[in-house]
Amino acid sequence: MPDSLQQISIYDLIGEEGFTRLIRAFYRQVPGDDILGPMYPPEDFPGAEQRLRDFLIFRFGGPQRYIEQRGHPRLRMRHNPFAINQQARDRWVQLMDTALTEAALPKPADDALREFFHDTATFMINRP
Ligand code: HEM
């Protein structure tokens with residue numbers, strides 16, 4: 001395909017640095033959150049941060065580290081142990097929206113990520 005027709009990815013736009021900054025801003029809020037804080041492994045916040053960051057880098061056009069280390073994402077199945085109702089979904093999205101605003105990524109990246117997070121988070125709801 002000629003270069004001129006190739007689409008650039010979100011990863012091309014913001015790089016490792018953009019994802020790292022975004023996910024750090026997200027996880028900075030999680031431990032102190034009354035709904036989400038207790039759901040995450042207290043001894044492994046750095047690991048959780050790395051898993052989400054690497055997943056997004058893979059999903060948005062960067063290196064495949066997540067797949068190499070974790071295999072197929074199967075996100076809904078992996079979230080089944082966590083009780084995710086509408087309230088937990090809304091709080092996750094709220095913290096991520098705050099992190100996106102703080103990270104101040106270029107608008108096309110911000111728009112695409114916000115939409116992806118909103119939709120994927122709704123898909124993760126697994127409790128009434
Ligand atoms: C809807 C609200 C959500 C809640 C309450 C939630 C909660 C959690 C928790 C408690 C973990 C375990 C932390 C760890 O040790 O890795 C986790 C893992 C993960 N979450 Fe979520 N999550 C939500 C939505 C999402 C969304 C929208 C995405 C994708 C954009 C996502 C992607 C991931 C990934 C990639 C992992 C690591 C999976 C693995 O490899 O084990 N989560 N989530």
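Things worth noting here:
- Mean sequence separation of contacting Cα pairs (under 8 Å, at least six apart), scaled by the length of the chain, corresponds to a relative contact order of 32 percent.
- Acute angle (nearest 10 degrees) that the helix 45-59 long axis makes with the longest principal axis of the chain, alpha-carbon atoms: 40 degrees
- The distance between label points at Leu5 and Asn85 comes to 5.1 nm (points 7 Å beyond Cα on the Cα→Cβ vector).
- The stretch 10-123 - Rg (one decimal) and Dmax (whole number), Cα, Å: 13.5, 35
- Between Phe116 and Asp34, the C-beta separation translates, for a Förster distance of 35 Å, into a calculated FRET efficiency of about 0.85.
- Nitroxide proxy distance, nm - points 7 Å out along Cα→Cβ at Ala48 and Ile67: 2.7 nm
- Modelled FRET efficiency - R0 35 Å, Asp12 with Arg78, Cβ distances, 0.05 increments: 0.80
The numbers here are math on the coordinates, done by the rules we state, and not lab data. Note that the structure is predicted; figures quoted are calculated from it, not measured. Positions of Cβ are backbone-derived with ideal geometry, glycine not excepted, and every protein chain shown enters the neighbour counts.
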